[in-house]
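K.L.:
Below you'll find the structure I mean.
The values are calculated or read from the model by the stated rules, or taken from the named source; none is laboratory data. Note that this is a predicted model, so its numbers are computed, not measured. In this analysis, Cβ positions are derived from the backbone assuming ideal geometry, glycine residues included, and neighbour counts consider all displayed protein chains. SASA here: full protein model, heavy atoms, side chains in, ligands and nucleic acids out. Shrake-Rupley method; radii C 1.70, N 1.55, O 1.52, S 1.80 Å.
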Amino acid sequence: AEQIQKTQSIESVATVVTETASRTQKILPETDPSEQYKFAVSFIKVGDYETAELALREFVDTNPEHNLAGNAQYWYGETFRVRQLYQDAATAYLNGYKKYPQSTKAPVNLLKLGVMLVQIGEKEQGCSMILGVKDQYPKANQSVIQKAEYEKKKFNCEKQS
């Protein structure tokens, strides 16, 4: 029985190690960035979040200065959130907020970052992000401001004095 145990342990470790091979093939078509963006986002529309994740990551890596890169970064975060991978989502939203502070998605990146932080147990930090949406982006889309108010109440976020 001991020999079987050792063998099974080695086999399961080997499986884990081989799973880490990174994907190198390109997903995006060889077209202009706006077409690539539409292509990447199309996977979200059909619910294929794994492929959307890969396509959006490729878009942001390939077109970091494009005016749609901030949007792509936000949708990249969404691919994790809908799969309840809150830690990965938080990282993606944080990157979007930091790299693309002028993007139209920046306020919602900050809001979703706050929500993800609360979800993973970082309530104080998460609440400060949620409360910061209105302060940092007073001209944000009204729906984002209202959603921040809703999340603030939902999570009992209070301004720290």
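K.L.:
Could you tell me what percent of the accessible area of the stretch 120-160 is made up of carbon and sulfur, with a 1.4 Å probe and every protein chain present?
P.N.:
Roughly 47 percent of what the probe reaches on the stretch 120-160 is carbon or sulfur.
K.L.:
Here's a follow-up. For the stretch 46-100, just say rounded, prolate or oblate: build the C-alpha gyration tensor, square-root its eigenvalues into a ≥ b ≥ c, call rounded for a/c under 1.5, and beyond that prolate if a/b exceeds b/c, oblate if not.
P.N.:
oblate
K.L.:
Here is the link list: Lys38/Lys152; Lys99/Lys152; Lys105/Lys139; Lys98/Lys147. Which ones come out longer than 23 Å on Cα distance?
P.N.:
Lys38/Lys152; Lys99/Lys152, as the Cα separations exceed 23 Å there.
K.L.:
Looking at the stretch 86-161, which GluC sites (Glu not before Pro) are in a loop (DSSP not H, G, I, E or B) and have at most 10 other Cβ atoms within 10 Å?
P.N.:
Here the GluC sites (Glu not before Pro) that fit, given the DSSP loop and packing criteria, are Glu158.
K.L.:
Restrict the search to the stretch 82-161; then list the trypsin sites (Lys or Arg not before Pro) that DSSP places in a loop and that have at most 14 other Cβ atoms within 10 Å of their Cβ.
P.N.:
Arg83, Lys139, Lys159
K.L.:
In Å², and per residue, what accessible area does the stretch 64-126 have when probed at 1.4 Å with the other protein chains present?
P.N.:
On a per-residue basis, the stretch 64-126 sits at 48 Å².
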